[in-house]
Amino acid sequence: MGKTNIILIGMAGVGKTTVGKALAKKRNKLFYDSDAIFESRFGSISDFFDRYGEAMFRVEEGKILYELSRKENAVIALGGGAVSSPAMNYMKSGGTLVLLNAETETLAKRLAGDETRPLLKGGDLKSRIETLKRERLPLYKKYADFAISVDGKTADEISAEIVSECRDDK
């Protein structure tokens with residue numbers, strides 16, 4: 001089958017959905033967003049977290065990741081914590097994984113006032129972001145084929161960089 005998918009991973013607020021849509025258009029691929037699929041099935045992620053907890057969220061998210069891993073010729077944006085799912089091994093086998101990186105300051109500006117991110121609620125936003133980054137960085141590095149910094153770049157600039165790195169992708 002080959003690795004026909006481009007899969008975007010990274011922290012909440014890094015721009016996976018925005019970049020993914022631009023990249024899909026540029027590469028004439030379908031676009032899927034794991035968080036949007038989750039919300040279409042279960043309602044708000046924040047409400048689901050409040051009602052059932054993170055563990056149940058990860059179970060349902062894993063099912064969605066498995067479904068997405070079977071897609072072909074797609075750009076797929078994953079939720080920030082999706083890398084903790086065992087289903088990531090399926091994602092890895094069917095696509096090129098691109099880590100989108102941003103400085104904590106950038107993420108804090110983008111996420112300020114956003115109450116929809118359950119793991120960023122409570123306490124100082126920058127310190128919550130830093131904590132999550134430290135926890136997830138080893139997993140991001142484990143799965144990513146390459147990383148791109150998004151700081152100070154537009155979605156079109158980032159997608160052009162990804163296209164350049166994925167030259168062998170059809």
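Do we have Asn5 as of a type outside the set (Val, Ile, Thr), modelled with pLDDT under 95 and under 13 Å from Val98 (Cβ atoms) here? First the steps, then the outcome.
Working: of a type outside the set (Val, Ile, Thr): yes; modelled with pLDDT under 95: yes; under 13 Å from Val98 (Cβ atoms): yes.
When the stated conditions are applied, Asn5 passes them.
Open to solvent by 10 Å² or more (accessible area, probe 1.4 Å) and over 25 Å from Leu137 (Cβ atoms), is that true of Gly43?
Judged against the criteria, Gly43 is a match.
For the range 66-96, give me the residue count where each residue is among the hydrophobic types (A, V, I, L, M, F, W, C) and either more than 24 Å from Asn28 (Cβ to Cβ) or over 13 Å from the mean Cα position of the chain (by Cα) (or both). Outline the logic, then answer.
First, pick out the residues of the range 66-96 that are among the hydrophobic types (A, V, I, L, M, F, W, C): 68, 74-78, 82-83, 87-88, 91.
Still in the list and also either more than 24 Å from Asn28 (Cβ to Cβ) or over 13 Å from the mean Cα position of the chain (by Cα) (or both): 74, 82-83, 87-88.
The number of residues fulfilling the criteria is 5.
Among the residues of the range 66-82, write down those that are open to solvent by 60 Å² or more (accessible area, probe 1.4 Å) and not polar (S, T, N, Q). Spell out the reasoning first.
Let us first name the residues in the range 66-82 that are open to solvent by 60 Å² or more (accessible area, probe 1.4 Å), namely 66-67, 70-73.
If the condition is that a residue be open to solvent by 60 Å² or more (accessible area, probe 1.4 Å) and not polar (S, T, N, Q), then Tyr66, Glu67, Arg70, Lys71, Glu72 are the ones that fit.
Suppose the filter is open to solvent by less than 40 Å² (accessible area, probe 1.4 Å), modelled with pLDDT under 90 and of a type in the set (Val, Ile, Thr); does Ile129 pass it? Working first, answer last.
Working: open to solvent by less than 40 Å² (accessible area, probe 1.4 Å): yes; modelled with pLDDT under 90: yes; of a type in the set (Val, Ile, Thr): yes.
Judged against the criteria, Ile129 is a match.
Restricting attention to the range 2-25, which residues are open to solvent by 10 Å² or more (accessible area, probe 1.4 Å), hydrophobic (A, V, I, L, M, F, W, C) and in a helix (DSSP H, G or I)?
The initial filter retains those residues of the range 2-25 that are open to solvent by 10 Å² or more (accessible area, probe 1.4 Å), namely 2-4, 11-13, 15-18, 21-22, 25.
Still in the running and hydrophobic (A, V, I, L, M, F, W, C): 11-12, 22.
Ala22 - this is the single residue of the range 2-25 that is open to solvent by 10 Å² or more (accessible area, probe 1.4 Å), hydrophobic (A, V, I, L, M, F, W, C) and in a helix (DSSP H, G or I).
Does any residue of the range 31-40 turn out to be of a type outside the set (Phe, Trp, Tyr), free of Cβ contacts under 8 Å to residues at least 12 places away in the same chain, outside any loop (DSSP other than H, G, I, E, B) and over 27 Å from Glu161 (Cα atoms)? Steps first, answer last, please.
Within the range 31-40, the subset of a type outside the set (Phe, Trp, Tyr) is 33-37, 39-40.
Then drop every residue that is not free of Cβ contacts under 8 Å to residues at least 12 places away in the same chain, which leaves 39-40.
If we keep only those that are outside any loop (DSSP other than H, G, I, E, B) as well, we get 39-40.
Those still in the list that are over 27 Å from Glu161 (Cα atoms) too: 39-40.
Looking for residues that are of a type outside the set (Phe, Trp, Tyr), free of Cβ contacts under 8 Å to residues at least 12 places away in the same chain, outside any loop (DSSP other than H, G, I, E, B) and over 27 Å from Glu161 (Cα atoms), one finds at least one in the range 31-40, hence yes.
If you take the residues of the range 95-111 that are modelled with pLDDT under 85 and within 22 Å of Ala36 (Cβ to Cβ), which of them is most open to solvent (accessible area, probe 1.4 Å)?
It comes out as Arg110.
The values are calculated or read from the model by the stated rules, or taken from the named source; none is laboratory data. This one's a predicted model, so the numbers in the text were calculated from it and none came from an experiment. Cβ sites come from the backbone with ideal geometry, for glycine too, and all protein chains shown count toward neighbours. The area values use the complete protein model at the heavy-atom level, side chains included, leaving out ligands, DNA and RNA. Shrake-Rupley method; radii C 1.70, N 1.55, O 1.52, S 1.80 Å.
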